[in-house]
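Have a look at the structure below before the remarks.
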Amino acid sequence: MTKVVLEAKGLQKKYQMGEVVVEALSGLDFQVNKGEFIAIMGPSGSGKSTLLHLLGGLDTPSDGEITLAGQQLSILNDKQITLVRRHNIGFVFQFFNLLPTLTAEENIALPLVIDGRNLQEYQARIDRLLELVGLSDRRQHKPDQLSGGEQQRVALARALVTEPAIILADEPTGNLDSKTGTAIMNLLKRSCVELDQALVAVTHDARAATYADRVVFLQDGNIVREIRFLEGQEMSDRLNMVIKVFEELEAMG
Amino acid sequence: MMLLTRWLTLRSMRSRPLRTLLGMFGIILGVAGLLAIRITNLTAMDTLSALFEGTSGKTDLIVTYNGTDGNGLPERILRRIIENEAIQAAVPSLQIQTALAVGVPESAMPLSLLGFEMGGFSIFGIDPQTDPAVRDYTITQGDFLSQDENGREIVLVENYASENELEVGKVVELLTEDGPKEFTIVGLIAKKGAGQNNNGAFGVIPLQTAQELFHRSGELDQVDIVLKPDFVSTDQLAVVKTQLQSQLGDDYPVTSTASGGNRVSQMLNGFSIGLNFMGGMALFVGGYLIYNTFSMTVVERTREFGLLRTLGLTQKQVIVQVLVEAGILGIMGSFIGALVGIGLAQSATYLLGYLLDLDSVSLKISMEVILTSLIIGVAITVVAALLPAWQAGRISPLEALRVRGIRKEGWLLRQGWKLGLVFLLISFIILVANPFPYDVQFRLGSLTVIFLFFGGTLLIPGSVGLWQRITRPVIHWLYGAAGQLGSRNIQRSKLRTTLTVAALMIGVSMIIITRGMTDSFRGDLETWINAYVGGDLLVTSSSPMRSQVMRRLEAIPGVEAVTPMRTLEVAWQTPDGKTEDLVFMGVDTETYNKVTSFVFSDSQVDADEAYKKLSEGNALFISSVLAEKYGLNAGDTLRLRTRSGELDFTIAAVVINFYNQGLAVQGNWQDMRRYFKTSEAGAYLVKLADGYGATEVQQRIQDTYADRENLSIASNQSLINQVLTLLNQAYSMFDVMAIIALLVGALGVVNTLTMNVLERSQEIGMLRSIGLTRGQTTVMVLAESLLMGLIGGVLGLGFGILLTRIFLWSMTAMSGYKINFVLPVGAVIAGILIALVVSQLAAIFPARRASRTQILDAIHYE
């Protein structure tokens, strides 16, 4: 039985930009199951980043409800949302966002330290994650001693260290070359499969989207299209499907 | 928590060493200033108390005479005193100011700005058998006085002896009323205990010898009393004092040695007030720098804090981390500040010794003072970091993402000007309405300073737009279109701009305040001192001078006029019924105006009319200090205790007079003779005729009369210069603080502009890509900085003048000194120029950084 990890109903977000009110999301429904990898795509201004921020509890919706790990976020105060985020969400950012003063290992362990946990008890987990991302021999290096791809791998390991219910990735390959980007997407996919991790990634990269189980297309704050890939489907097929949807959407204007 | 602190806070501090040092510098500055001032105050109190104790040593009570006729205590009083069962010993002494024939003492001028006489040579006529019971004598060479009551023996202080090449066995001449008399030095004592008297220019001779040679047979100046052990508690001492007083009568005041300490406190009051204000300012400036630095840190770490919030750090945890950093900086900075403060106190103490003409002044360091200063330092750091910590806690997790939403200005920036007006209004009401008693006013005065600065600071965000519009033509003229672009930027980071402008405002204010206080004080003091040390020469003697001396002086070629002066300590009844001491200065109204003049407190007073009243008798000129302190005016009466009983004198006028800290009245010579049985002069002021030089006439008097009449002659100008030099040295200490405050402001400008450049890298890259040259980029930053300097300078000027007036008013409220405000024009011009120059110099580094922005990197900059 699939377990729903995150559910959003009737999600709305409006911004006041001077005297103009901009509706970034217009009453959207969204659901993520355990172990599911969802890519969110759409043109600039479609609301995909806004959706990600709301799902991660980084912003509050104007209307609608988000339920994460069985908790309704709208009834929680800032501290409670923070704790939900701490225990249930891992973030991967476009620009890595590692602390420059910490080593790779320390950056990975940071969420545990924030949660006040005894690191010794989690050393095995940290070692496993370093191995998963292929950085066991670089654990003592600081971010400025790592390449972009290596930094993003550290960021991914950091996102996984608390064994969160869901990973939210904001343009995870946006700052990487194609080869490195591919490596990162492979890792993300692996974490979904091997760790039964739910993952939502916002991306404008069609190739990155082909790693997902389904792709959700946003336009003007609404979900306009959804593609569900078949297991084992060739990457080239998937890519064609994505491109086709883009063309259709473009033609619709 | 510890690990989090290590990873987040300590490593962050290490990775930003300059920022860390800057924050520490703030607290070092504050703690050093505070500790230096507290130690200096303690040292001054201790030193002056020791001077009093040197002469009173083990004494419990002192009996003196009202001294209005110069006759002294009759010796028979001893029998009446010793009748009291509580008394163990009653030790008589005669205390005379004279001279040893070893040259003219350096500080012969009894200016008594601090209220006691210094200079000359002080002789105590004592009973060598009983005197050691009340005073400590540490014999270092030879012996103490023998039992020969009429012996011509003298014991000197070893330091004084060494300076004047005197030794045991040598014969010296002591100047008496009958001319110089020879004494043999039989012993030397250490410069401690009684040896501290008159800074070591002190000696003891047998009592009867003193009485004989100074025509004081059967008279004493003081009886020191030691009580029996059963009677030395505070309560019993008070009982014995009252008993003795009622036994002896009002002509023989009985005082306890504790009252000497009170007098020291009073003396230091005015000195302490000024120092304490500066101590408070040092802490304020230090705290402000910490606040500024932490605010910059929070801005710099916005993305990091956003990330940490994303990872699950709560608002409270963020706040705690910032405050932990503050605590660490506070502890480190306070310790270093304490060391620096002790060093500063050493310099201040050296200056104190110089001012008081003391050979050595040892620092009085108390662990309690150091500990409390350390605690205050840490507390101030944490308090100063509270607002930045709270702001850090409010950083949204969205800051961690590439999305930077429109950062909404906090309420304080948008509407804070209203609160600012409230603060300014409250300050205005406190200043003008003035409904509280003096001590409350003083405390409120300190609060007013803080309210004024906060109020002014809160007005800045709302007013920057106006400033920018007003200065637009000037900026355009100076820096062109690029400059205008830069000046508009001042409206963008309002919080940062506000912090920086406020720091500059404080720096400029401090320059205006220190110069304003100095010039105002100097203005009144110079006016007074020129009048008090009127004429061209000052003639004094070891003993009171008869009128024939005046006639002889008048006969000297080159002397145009001579006027006598005499001071007596008299008792008076204050308006609230207490009996206190003040100084009666006798002036000869026939000759006074020929040599010098009075300085009337009120310029509207009819000087001739006032002078006429004084001449007619039963009238006084009182000092402005007395007038302020007791609410007295011309036309009121003042009751003095005279030889003829208590008499009311009409106050003819209020004059500027700082003699004896302003506790002085001036009456005419005839009244002095009639009511106080005194007709001899303590000094003569001499005015020279045109065409005659001071040196020439001084030499003439010296050659003709100095030895015969035991005269000391000094040029008034050199005495005035000496006093003014000492004051300048004292005030230069405050100038240093002002410069430091301005440097703090300059550092604030560097910080602000650097952050602005960093945050606007993309924008600068864009401008460069569309054609802005490197030079124009530099100019853009300079213009923004110039506007900050201008706003800070003008605000600093306004508040500086206002605060100077507040401080002068507070000093009047506390000590009675009324100082007229003198606008420090030079400082005003310098203050604004300095603010402008400092702002431009501080902008050089950020401007260069901006001009060197790599276009492509900047456009790709996140």
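Table for the structure above
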| quantity | calculated |
| --- | --- |
| Only listed residue being surrounded by fewer than 18 Cβ atoms within 10 Å (Cβ to Cβ) and either of a type in the set (A, V, I, L, M, F, W, C) or closer than 22 Å to residue B:579 by Cβ (or both), chosen from B:634, B:607, B:681 | B:607 |
| Residues within the range B:445-474 that are open to solvent by less than 50 Å² (accessible area, probe 1.4 Å) and more than 36 Å from the chain's Cα centre (by Cα), tallied | 6 |
| Test set (1) touching a Ser or Thr at 6+ places or on another chain (Cβ under 8 Å); (2) touching a residue at least 60 places away in the same chain (Cβ under 8 Å); (3) surrounded by 22 or more Cβ atoms within 10 Å (Cβ to Cβ) - residue B:628 fails condition number | (3) |
| Residue in the range B:16-28 that is at pLDDT 80 or above and not in a helix (DSSP H, G or I) present | yes |
| Residue within the range A:106-114 that is under 17 Å from the mean Cα position of the chain (by Cα) and either more than 23 Å from residue B:394 (Cβ to Cβ) or open to solvent by 10 Å² or more (accessible area, probe 1.4 Å) (or both) present | yes |
| Cβ-Cβ under 6 Å pairs, at least 6 apart or on other chains, the range B:379-391 side touching a residue at least 40 places away in the same chain (Cβ under 8 Å), far side of a type in the set (S, T, N, Q) and surrounded by 24 or more Cβ atoms within 10 Å (Cβ to Cβ) | B:388/B:295 |
| Pair list, Cβ < 6 Å and 6+ apart or interchain, from the range B:305-324 residues that are facing chain A (nearest Cβ under 7 Å) to residues that are assigned to a helix (DSSP H, G or I) and open to solvent by 40 Å² or more (accessible area, probe 1.4 Å) | B:314/A:79 |
| Candidates B:574, B:596, B:591, filtered to the one that is β-branched (Val, Ile, Thr) and either open to solvent by 20 Å² or more (accessible area, probe 1.4 Å) or touching a residue at least 60 places away in the same chain (Cβ under 8 Å) (or both) | B:596 |
| Filter result (among the polar types (S, T, N, Q) and away from every other protein chain (no Cβ under 13 Å)) within the range A:55-111 | A:62, A:67, A:71, A:72, A:74 |
| Some residue of the range B:2-19 being within 14 Å of chain A (Cβ to nearest Cβ), among the polar types (S, T, N, Q) and in contact with a helix residue (DSSP H, G or I) (Cβ under 6 Å, 6 or more places away or on another chain) | yes |
| Check on residue B:43, away from chain A (no Cβ under 14 Å) and polar (S, T, N, Q) | yes |
| Residue that is surrounded by the most Cβ atoms within 10 Å (Cβ to Cβ), among those in the range A:117-146 that are within 13 Å of chain B (Cβ to nearest Cβ) and touching a helix residue (DSSP H, G or I) at 6+ places or on another chain (Cβ under 8 Å) | A:143 |
| Among residues of the range B:191-211, those that are surrounded by fewer than 19 Cβ atoms within 10 Å (Cβ to Cβ) and modelled with pLDDT of 90 or more, counted | 1 |
| First in the range B:213-239 and within 10 Å of residue B:60 (Cα to Cα), second anywhere and of a type in the set (Gly, Ala, Ser) and open to solvent by 30 Å² or more (accessible area, probe 1.4 Å), Cβ under 6 Å, 6 or more apart | B:226/B:133 |
| Residue match in the range B:426-441 (condition: open to solvent by less than 70 Å² (accessible area, probe 1.4 Å), in a loop (DSSP other than H, G, I, E, B), at pLDDT below 80 and away from every other protein chain (no Cβ under 14 Å)) | yes |
| Options B:800, B:816, B:775, B:792: the member that is more than 30 Å from residue B:481 (Cβ to Cβ) and modelled with pLDDT of 85 or more | B:800 |
| Condition met for residue A:149 (more than 14 Å from chain B (Cβ to nearest Cβ) and in a loop (DSSP other than H, G, I, E, B)) | no |
| Members of the range B:753-809 that are open to solvent by 10 Å² or more (accessible area, probe 1.4 Å), touching a residue at least 60 places away in the same chain (Cβ under 8 Å) and among the polar types (S, T, N, Q) | B:754, B:761, B:762, B:769, B:776, B:778 |
| Residue list for the range B:3-47, filter: touching a residue at least 60 places away in the same chain (Cβ under 8 Å) and open to solvent by 50 Å² or more (accessible area, probe 1.4 Å) | B:10, B:25, B:38, B:42, B:45, B:46 |
| Leading residue by the ranking (farthest from the other protein chains (Cβ to nearest Cβ)) among those in the range A:22-54 that are more than 23 Å from residue A:246 (Cα to Cα) and of a type outside the set (S, T, N, Q) | A:35 |
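One line per residue, one yes/no per condition, for (1) farther than 30 Å from residue B:320 by Cα; (2) polar (S, T, N, Q); (3) out of contact with any Leu (no Cβ under 7 Å at 6 or more places or on another chain); (4) at pLDDT 80 or above:
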position	(1), (2), (3), (4)
B:5	no, yes, yes, yes
B:12	no, yes, yes, yes
B:30	no, no, no, yes
B:36	yes, no, no, yes
B:52	yes, no, yes, no
B:68	yes, yes, no, no
B:89	yes, no, yes, yes
B:100	yes, no, no, no
B:108	yes, no, yes, no
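Matching residues to (1) assigned to a helix (DSSP H, G or I); (2) in contact with a strand residue (DSSP E or B) (Cβ under 8 Å, 6 or more places away or on another chain); (3) within 14 Å of another protein chain (Cβ to nearest Cβ); (4) modelled with pLDDT under 75:
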site	(1), (2), (3), (4)
B:809	yes, no, no, yes
B:820	no, no, no, yes
B:827	yes, no, no, no
B:831	yes, no, no, no
B:835	yes, no, no, no
B:838	yes, no, no, no
B:843	yes, no, no, no
B:848	yes, no, no, no
B:856	yes, no, no, yes
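The values are calculated or read from the model by the stated rules, or taken from the named source; none is laboratory data. Just so we're clear, the structure is a prediction, and the values are computed from it rather than from any experiment. When we count neighbours, we look across all protein chains shown, and the Cβ atoms used for this are built from the backbone with ideal geometry, even at glycine. For accessibility, only protein heavy atoms count, side chains too; no ligands or nucleic acids. Shrake-Rupley method; radii C 1.70, N 1.55, O 1.52, S 1.80 Å.
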